[in-house]
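Working notes, structure below.
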Amino acid sequence: MYIAGIDEVGRGPLAGPVSIGIVWVKKDLDLKEKYPTLNDSKKLSEKKREEIYKLAKKDSDISYVVVSNAAKVIDEKGIEFAIRDAIARGCKKLPEDTSIYLDGRLKAPDNFKQETVVGGDAKIPAISLASIMAKVERDRYMKKISEDYPQYGFHKHKGYGTKAHMEAIVDCGFCEFHRESFCRNLTQE
């Protein structure tokens, strides 16, 4: 019997993918005991997230997957579709006897036993770890694409709508990683 935690990162940025983290472990594994500093990824420093990520990645007791959908999918089909699709694709990796805990309003395919927990990324260790795994991988991706598009500063803001990022969009236009549907109120001159 397994339990899984699912969380998404990157719902609101103006650029980059939305990413879903899914972590599954045997039901009797105490993740909080194993990772005492485990918490919602937003409440941890980047350094602490990286430390936990590296440990979990090597941990034979932990299985995980991060599934993403690009800005193009988000623009063409919407953010909710992109999230549902990534969850469905990630859940195909889960063992059959898995109970799923999801953060917020997320939902897994109907064939899984599941429970949605508001604020679950701070309450359910498997969701916390899923949040960390997804955030670290998405942040690394944004830093990588920043090498080819330094004018946008993706390595700093990870695609979120900071003042500097919005000014860069106005000055330089969109790149292939922008969610144009999220940027409608920005005018290009």
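Given the condition of a type in the set (Asp, Glu) and touching a strand residue (DSSP E or B) at 6+ places or on another chain (Cβ under 7 Å), answer yes or no: does some residue in segment 134-141 qualify?
Step one: list which residues in segment 134-141 are of a type in the set (Asp, Glu), which gives 137, 139.
Add one more test, that the residue is touching a strand residue (DSSP E or B) at 6+ places or on another chain (Cβ under 7 Å), and what stays is 137.
Checked against the condition, which is being of a type in the set (Asp, Glu) and touching a strand residue (DSSP E or B) at 6+ places or on another chain (Cβ under 7 Å), segment 134-141 yields at least one hit.
What residue, among those in segment 107-125 that are over 22 Å from residue 17 (Cβ atoms) and of a type in the set (Gly, Ala, Ser), is surrounded by the fewest Cβ atoms within 10 Å (Cβ to Cβ)? Before you say what the answer is, go through the steps one by one.
Looking only at segment 107-125, we keep the residues that are over 22 Å from residue 17 (Cβ atoms), and these are 110-119, 122-125.
Now drop any that are not of a type in the set (Gly, Ala, Ser), which leaves 119, 122.
Values: 119: 11, 122: 17.
Across segment 107-125, the extreme among qualifying residues is 119.
Of 121, 85, 97, 110, which residue is under 14 Å from the mean Cα position of the chain (by Cα), of a type in the set (Asp, Glu) and at pLDDT below 95?
121
For segment 122-189, which helices (runs of 4 or more DSSP H) that fit wholly inside it have 2 or more residues that are in contact (Cβ under 8 Å) with a residue 12 or more places away in the chain, at negative phi and among the polar types (S, T, N, Q)?
Qualifying helices (runs of 4 or more DSSP H): 125-148.
The values are calculated or read from the model by the stated rules, or taken from the named source; none is laboratory data. Quick caveat: nothing in here was measured; it's all calculated off a predicted structure. Ideal geometry is used to build each Cβ from the backbone, glycine not excepted, and the neighbour counts take in all protein chains shown.
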